[in-house]
Each structure stands twice: as C-alpha cells, then as structure tokens.
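The values are calculated or read from the model by the stated rules, or taken from the named source; none is laboratory data. This one's a predicted model, so the numbers in the text were calculated from it and none came from an experiment. Quick reminder, even Gly has a Cβ in these numbers, built from the backbone with ideal geometry, and neighbours come from all protein chains shown. Keep in mind that these areas ignore ligands, DNA and RNA; they rest on the heavy atoms of the full protein, side chains included. Shrake-Rupley method; radii C 1.70, N 1.55, O 1.52, S 1.80 Å.
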Amino acid sequence: MKKHDWLKSVLKGLHHYFVIFFLVAFVITCATALFVSILSETLQVTLTEENISTAAKITFLNVALLSLIFTILDRVRRRLTVEGPVKRITEAAEAIVRGDFLVRVKPQSRFGTDDTFNRIIDCFNRMAEELGGVETLRTDFIANVSHEMKTPLAVMQNYGTLLQTPGLCEEKRLEYAKGVTEGARRMADMMTNILKLNRLENQKIYPQETEFDLGEQLCECLLQFESQWEEGDIRLETDIAEGVRVKADSELLSHVWNNLFSNAFKFTPTGGLVRVSLTAGAHHAVVAVTDSGIGMTPEVGAHIFEKFYQGDPSRASRGNGLGLALVKRVVDILGGEIGVESAPGKGSTFTVKIRRM
Ligand code: ADP
C-alpha cells in the first residue's frame with residue numbers, strides 16, 4: 001500500500017470521529033457562549049443567585065434543544081446512509097433465497113457516505129451474477145440430459161410396442177429386439193459419460209500416477225476400434241515413437257485416446273484415412289490424431305469442448321456430445337494442452353500435449 005493511500009484510509013477512518021468531535025465541541029461552545037452572554041447581561045444589573053439560576057436554566061434548555069436537533073439530524077443521516085442500503089441489501093438477499101438470481105442492488109450515491117457499502121454492494125452483485133451463472137448451467141444440464149434421454153427412450157418404446165405385434169416373423173423380432181438393445185446401450189453410454197464427467201468436475205478423483213509406455217497404450221486403445229476401421233474400409237496409419245514413457249494416470253488418459261479415436265472413425269466416411277502419431281521431447285509427449293473425415297467449420301470448432309454440444313445433427317444418433325467435454329477435463333486435470341485444426345470436408349487433427357514425468 002502506498003504511503004498516501006495509507007494516510008487516506010486512516011483519515012477516512014477518523015472522519016466519523018472528527019464529525020462527532022466537532023458537533024460536541026460546537027454544542028459546548030454555544031452553551032458556554034450563551035451562559036456567559038446571559039451572565040454579562042445580568043452583571044450590568046445585579047449578580048444574584050436567582051439571576052445565575054435563570055441563566056443556567058436558559059442555557060440548559062438551549063443545550064437540550066440543540067442536542068435534540070442534532071439527534072434528529074443524525075437519525076436522518078443514519079436512515080439515508082446506513083439503514084437504506086442495509087434494507088436494500090437484505091431485500092435483495094431474501095430475493096436470492098427465493099431463487100431470483102437476477103436481482104441487483106443499486107450502488108449508493110457517494111454523497112455523505114464512505115465506500116464500505118459500495119464495496120459490499122459490488123461484492124453482492126458479483127455473487128448474484130455468479131450464482132445466476134451456476135444456476136443456468138445446472139438447469140441447462142438437466143434440460144440437456146432430459147432431452148438426450150428422450151430419444152433413446154422413445155426408440156425403445158416404439159420397438160417395444162412393435163415387439164408386441166402378434167405373429168411376428170423371426171427376422172422382425174430380431175430387428176426390433178436389436179432396436180431396444182441399441183436404445184438401452186445409448187442410454188447406458190450417456191449415463192457412464194455423465195458419471196465420469198461429474199466425478200471429474202467435482203475433483204473427487206485425483207490422478208493416480210504410474211509410469212507406463214504411452215505408445216503401447218495408444219496401440220491397445222486403437223485395437224479396440226479394429227472392427228470399425230475394417231467395416232468402414234478406413235486406412236489406418238501410425239507413426240508412434242518407441243519407448244516413450246510417461247508418468248500419468250493411465251486410466252484417465254485412455255478416456256482421452258478412446259474418445260479421440262472413436263470420433264476420428266465416426267466422422268470419417270468409408271475409404272478414408274485415420275493417422276495416429278506420437279512424438280516426444282525431453283519433457284513433453286505429443287499425440288496427434290488426424291482424420292480425412294467431414295471436418296468442422298470454425299463455428300463448430302469453437303464449441304466442441306462444451307457439454308452436450310454436437311456439431312453434426314445427422315450423426316447425433318451415434319453420440320451424446322459429452323466425449324470431448326470429458327477429454328478436455330482430463331487434459332486439464334493432467335496439466336496438458338489440447339488443440340484442434342480442422343476444415344470442412346478436409347478432415348481434422350486433434351493434438352494433445354502432456355508432461356512426460
Ligand atoms: P459426440 O461425438 O458424441 O457428438 P463429442 O463431444 O465427442 O460428442 O464431439 C462433439 C462434436 O465435435 C461432434 O458432435 C462433432 O460435431 C465434432 N467433432 C468431434 N470430433 C470430430 C472429428 N474428428 N471430425 C469432425 N467433427 C468432430
């Protein structure tokens with residue numbers, strides 16, 4: 001704190017004491033002056049006990065009157081500068097308790113007040129804004145979850161109804177049963193992702209660091225997608241540096257690779273290409289997942305790490321928009337970085353940089 005700031009704050013603190021001091025001094029001076037003037041008038045006549053007593057009474061009445069006037073003035077001052085803002089803050093706090101997060105308190109006019117109330121009001125308004133934001137996120141989250149659940153539920157309901165049709169041939173029965181299973185799988189996937197994200201966001205899990213070979217982990221994760229690249233006739237290229245050991249939470253990291261690979265295969269049409277590379281420096285390892293798929297516009301790219309965001313509604317049936325939110329959260333927890341380069345129709349490259357040790 002600078003020297004003149006310190007002096008300013010001390011003077012500000014003393015300001016009230018100065019006001020009271022000058023008021024009391026003013027009253028005493030008035031009383032003394034009045035007493036002396038009454039006495040000097042009577043001195044020209046005779047200074048009897050009765051005259052002194054009358055002067056004292058008049059002085060007392062004047063002091064009482066002055067004190068009353070100052071008490072009333074002080075009351076009015078308190079009402080305007082203390083009780084007014086306290087009442088407004090209390091009313092706003094009660095509104096927040098009732099769930100109205102839009103309420104704001106108007107700052108005090110600076111006349112005759114110190115800054116304390118304005119600082120409280122400023123903090124209060126910021127708190128209301130933050131609470132409003134959290135509430136919006138919460139309600140948006142519930143709305144999104146409900147919306148996402150409705151589709152698989154409706155699908156399952158339809159297939160369930162169809163399954164009840166009498167005399168159904170074996171082929172149709174299998175088709176409808178598959179529809180029900182698929183709907184249940186989508187819901188289960190979504191619930192798993194929501195739970196994972198929830199655990200990650202509430203910081204209930206702390207990274208369990210172990211040392212492992214990152215290249216091996218990437219290969220293991222890739223193998224799980226074998227059926228997808230074979231079905232889609234997708235060419236897979238890998239350029240994975242050997243012996244890149246990292247110290248990190250391997251389970252958390254595997255979520256990152258699984259989601260990035262799953263998207264790369266999902267958004268790449270038949271006959272396309274997916275490329276995975278791993279390079280490493282002394283302190284960092286960099287994994288790049290490139291695909292020759294549909295790519296993204298800059299507008300889509302700006303939102304992909306948000307919960308429930310899906311850039312391509314036609315493929316919405318194959319995801320729930322939580323994958324990249326989860327990826328981002330994990331990368332943040334591990335202190336890494338994630339970036340994406342993409343162009344519509346040309347494909348995308350997701351790059352993840354993590355600390356090695
Ligand atoms: P989901 O894949 O379930 O839709 P994600 O959170 O994994 O959800 O991805 C969010 C959105 O980001 C996707 O809906 C898609 O629009 C876009 N996206 C992600 N990866 C790719 C990719 N490799 N190519 C094109 N778009 C992608």
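Screening LEU223 against (1) over 24 Å from ILE304 (Cβ atoms); (2) modelled with pLDDT of 95 or more leaves a single unmet condition, (2).
Yes/no per residue for (1) within 9 Å of the ligand (Cβ to nearest atom); (2) open to solvent by 30 Å² or more (accessible area, probe 1.4 Å); (3) over 19 Å from PRO344 (Cβ atoms):
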{"site": "GLU231", "(1), (2), (3)": "no, yes, yes"}
{"site": "LEU236", "(1), (2), (3)": "no, yes, yes"}
{"site": "GLY272", "(1), (2), (3)": "no, no, no"}
{"site": "ILE294", "(1), (2), (3)": "yes, yes, no"}
{"site": "TYR309", "(1), (2), (3)": "yes, yes, no"}
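Is it true that some residue in the range 274-292 is outside any helix (DSSP H, G or I), at positive phi and more than 8 Å from the ligand (Cβ to nearest atom)? Looking for residues that are outside any helix (DSSP H, G or I), at positive phi and more than 8 Å from the ligand (Cβ to nearest atom), one finds none in the range 274-292, hence no.
Just to be sure, is GLY271 free of Cβ contacts under 8 Å to residues at least 60 places away in the same chain and of a type in the set (Gly, Ala, Ser)? First the steps, then the outcome.
Values: free of Cβ contacts under 8 Å to residues at least 60 places away in the same chain: yes; of a type in the set (Gly, Ala, Ser): yes.
Judged against the criteria, GLY271 is a match.
Is it the case, given these coordinates, that GLU148 is part of a helix (DSSP H, G or I), touching a residue at least 40 places away in the same chain (Cβ under 8 Å), charged (D, E, K, R) and more than 30 Å from VAL10 (Cβ to Cβ)?
For GLU148, the condition - part of a helix (DSSP H, G or I), touching a residue at least 40 places away in the same chain (Cβ under 8 Å), charged (D, E, K, R) and more than 30 Å from VAL10 (Cβ to Cβ) - is met.
Show the residue pairs meeting these rules: Cβ distance below 7 Å; 6+ apart or different chains; first residue within the range 229-249 and more than 19 Å from LYS353 (Cβ to Cβ); second residue surrounded by 10 or more Cβ atoms within 10 Å (Cβ to Cβ) and of a type in the set (Phe, Trp, Tyr). Qualifying pairs under 7 Å: TRP229/PHE265; GLY232/PHE265; ILE234/PHE265; LEU236/TRP229. GLN108 meets each of the listed conditions (1) in contact (Cβ under 8 Å) with a residue 12 or more places away in the chain; (2) assigned to a helix (DSSP H, G or I) apart from (2).
Mind listing whichever residues of the range 208-228 are farther than 24 Å from ARG356 by Cα and either among the charged types (D, E, K, R) or open to solvent by 30 Å² or more (accessible area, probe 1.4 Å) (or both)? Don't jump to the end; show me each part of the working.
Step one: of the range 208-228, the residues farther than 24 Å from ARG356 by Cα are 224-228.
If the condition is that a residue be farther than 24 Å from ARG356 by Cα and either among the charged types (D, E, K, R) or open to solvent by 30 Å² or more (accessible area, probe 1.4 Å) (or both), then GLN224, GLU226, SER227, GLN228 are the ones that fit.
Checked against (1) within 13 Å of the ligand (Cβ to nearest atom); (2) free of Cβ contacts under 8 Å to residues at least 24 places away in the same chain; (3) in a loop (DSSP other than H, G, I, E, B); (4) not polar (S, T, N, Q), GLY335 passes all but a single condition, namely (1). Quick one: is VAL327 closer than 21 Å to ASN198 by Cβ, more than 11 Å from the ligand (Cβ to nearest atom) and in a helix (DSSP H, G or I)? The answer is no for VAL327. Exactly one residue out of THR59, THR90, THR136, THR54 is open to solvent by 50 Å² or more (accessible area, probe 1.4 Å), under 30 Å from ILE28 (Cβ atoms) and of a type in the set (S, T, N, Q): that is THR54.
Considering only residues of the range 156-183 that are in a loop (DSSP other than H, G, I, E, B) and loosely packed, with under 14 Cβ neighbours inside 10 Å, which is nearest to the chain's Cα centre (by Cα)? Before you say what the answer is, go through the steps one by one.
Residues of the range 156-183 in a loop (DSSP other than H, G, I, E, B): 164-169.
Pick out the ones that are also loosely packed, with under 14 Cβ neighbours inside 10 Å and you get 164-167, 169.
Details: GLN164: 48, THR165: 50, PRO166: 54, GLY167: 56, CYS169: 54 Å.
By that ranking, first place goes to GLN164.
Screening GLY347 against (1) modelled with pLDDT of 85 or more; (2) within 19 Å of ASN258 (Cβ to Cβ); (3) among the small types (Gly, Ala, Ser); (4) near the ligand (Cβ under 10 Å from one of its atoms) leaves a single unmet condition, (2).
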